[in-house]
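The values are calculated or read from the model by the stated rules, or taken from the named source; none is laboratory data. Keep in mind that what you see is a predicted model, and the values were worked out from it rather than measured. Here the Cβ is made from the backbone with ideal geometry for all residues, glycine too, and neighbour counts use every protein chain on show.
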Amino acid sequence: MKTYRAAITFSLSCFLFGSVMTLLAGPSDPCALLTAAQASAALGGTVGTGKSITGKVCQWQQQGKAGSELLKLDVNLITPDRFTRMKSVTVGTVVNVGGLGDDAYYSTLKTGHTTITTLNIKKGDTAVVIRVSGGERPVEEYQAKEKAVAQVLVPKL
């Protein structure tokens, strides 16, 4: 009887430990972090289902728009080490952002008519890069859309 109880206790402990470790590991599917409705609200237009670009990158794209009107949203899961490296070697402007995860910053590069901006967030052992791209909009518009995504996404990290 003691052996039976010990086996059950051991099995239960392994199951619980494995479940806790899975929760602590953070998300593994960036497409699961946002619904199409949440991505649509952030971009200001209807988007389709998120499409996996690679295992750690998901993209949502506005439907019914083309050329400079089309916006895309990329969510890229990265390691905390990469988050830190990117912050120190980014070409362009880095501006810290409060209230999102443990650490967050915008990285912005403007060359001619092209603006590339990302919102980079670290929370615990997970980090994510959020990028809205497409068209020729003011930097503040891209950043506002990225922050809207972050406010939905960060609680899931």
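Before moving on, here are some points about what is shown:
- Residues that are under 19 Å from K145 (Cβ atoms), surrounded by fewer than 18 Cβ atoms within 10 Å (Cβ to Cβ) and not polar (S, T, N, Q) within the range 98-120 comprise G98, G99, L109, K110, H113, I116, listed in sequence order.
- Against the list (1) assigned to a loop (DSSP other than H, G, I, E, B); (2) closer than 18 Å to K156 by Cα; (3) of a type in the set (G, A, S), the condition A104 fails is (1).
- For the criterion of being under 18 Å from the mean Cα position of the chain (by Cα), at pLDDT below 95 and either surrounded by fewer than 14 Cβ atoms within 10 Å (Cβ to Cβ) or closer than 16 Å to E146 by Cβ (or both), L71 passes.
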